1. By how many degrees, 0 to 90 and rounded to 10, does the Cα axis of helix A:8-22 deviate from the longest principal axis of chain A?
2. Stretched out fully, how many nm does the piece from residue B:29 to residue B:183 gain, at 0.36 nm a residue minus the Cα gap?
3. Sorted from fewest to most neighbouring beta carbons within 10 Å, what does the list B:192, A:257 look like?
4. Distance from a point 7 Å along Cα→Cβ of residue A:160 to each backbone N in region A:181-202: keep the residues under 15 Å and list them by number.
5. Taking a ≥ b ≥ c as the square roots of the eigenvalues of the Cα gyration tensor of region B:79-155, is the shape rounded (a/c under 1.5), prolate (a/b larger than b/c) or oblate?
6. What does the helix-only formula give at 222 nm for chain B: each DSSP H stretch with n ≥ 4 adding -39500 (n - 2.57), the total divided by the residues, and the result rounded to the nearest 500 deg cm²/dmol?
7. Measure off 7 Å from each Cα along the Cα-to-Cβ vector at residue A:23 and residue A:133, then give the distance between these two points in nanometres to one decimal.
8. What is the distance, in nm, between label points placed 7 Å from the Cα along the Cα-to-Cβ direction at residue B:254 and at residue A:217?
């Protein structure tokens, strides 16, 4: 809760600029979590002294490490990353990688191999419970990612130990690497699945910031001792019409034309 | 060795309330004392090893000192990626204890036998690999692991073969321990874990001048000490209840080839799974790792020089 704006269009512009500068992929899966991250950083995550390494901070675990550009954009707003590193993205010797790396202050886990961050987050939440602190842990996972077995191992553990300080946020954009989640490995009702594992769950429009904020608050304020699950219905590539629901933007790099078009759609300007 | 392990767990738990013991639903009676003495520090994570290791990383990040227990077929082998990415990448202080390494579960077949764990784990940066031979080395390894403040895999193999030391050895991390003194210029034996006592017996039988060294630390290992031993020997025989690919034999050969070339005979599992089941002694025989077979192999090797 830093008082920064975390405007969605600013965050998307940062992602576009760095993706273009670095000629990188994974734009679509960064765009689907922009509003989720904006709400978390603006309204919920507590970092004493705005320090990403502060003792007693809340933990945001980006388990779906492929969306890391969206988190970099938020960390830029916070002043944790300087503008120069964005222009140098993917240049030789640069620190910011294409997947989340915990050696960057503000990123809690190294992810990209999927199904890891969720369990680390469960451990962080268990640690906070054992220490009787009021720290909260959020694990942001992809809907494709929940194909991974350790997610469900961790879900059992979180529910068994009543980790009410743990919230998994599922970015349900409906796509994974090779296609639609329903075509690759059908998930059925994600909310029902987490509820059946013992979570208190809500489903929300993942691009409606007011609704996201309200749902997160509602889950934390609940008297239920269960861990929390927020299923966010999102659009992969949200904000740029030719990227939306188009899985090729998991892999496609921007060229001057698509960069200019995308920038115009996101900001209303070509600058 | 298991009693010593239980005692060490209780001692560490009582000394440091940040120490947590995590098990993947293994170690039934082994943790009775720990559960009694440190009940709040015991977590049975269920039959869910991958999540257990990820959680251990989270707990370590939160300031705890997790000791993660499993059978070595599962910890570290099944959870190798979690160890690499969640723990070792940031050098978090998590101790992994892999029990029953080698052919301990001789009747249960390949799923519970573990002869690739050293090879898998020693190439992961920041991860140390310890392999004690008896209860004294176990205590030294546990203490060293806890003091190291970094990630350690501690391999526990066949643990009822008796002691190779008469008292706690004055060990430093990386150092090998001379368990039978010999003279230079002849055959030297280097062994780890369950095969240290076998190496001593073979040396006593036919190589009275040979030194026998126990290697409780596979990684790090004192390269100067290894080099010195290799320089003073015509032949070095390395013995381990582990694959000859990537284990202690490889460690010694790698160092020797760079600093002190010497003929090295690697005694271990010859890149194969067990075909049959039976007693521990039977399995050792099946793999040519019983005393007589090893002694014959050494004789054959030396005759061919």
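Each value in this text was obtained by applying a stated rule to the coordinates, not by laboratory testing. As the structure is a computational prediction, the values presented were derived from the model and not from experiment. Neighbour counts run over all protein chains shown; Cβ positions are idealised from the backbone, glycine included.
1. 60
2. Details: separation 154, 0.36 × 154 = 55.44 nm, distance 4.46 nm.
Net length gain for the segment: 51.0 nm.
3. Values: B:192 33, A:257 8.
Lowest to highest Cβ neighbour count: A:257, B:192.
4. A:197-199
5. Details: a/c = 2.60, a/b = 1.27, b/c = 2.05.
Taking the square roots of the gyration eigenvalues as a ≥ b ≥ c, region B:79-155 is oblate.
6. Values: 10 runs with 106 residues, N = 305.
Dividing the helical sum by the residues of chain B leaves -10500 deg cm²/dmol.
7. Placing both labels 7 Å beyond Cα along the Cβ direction yields 4.3 nm.
8. 5.7
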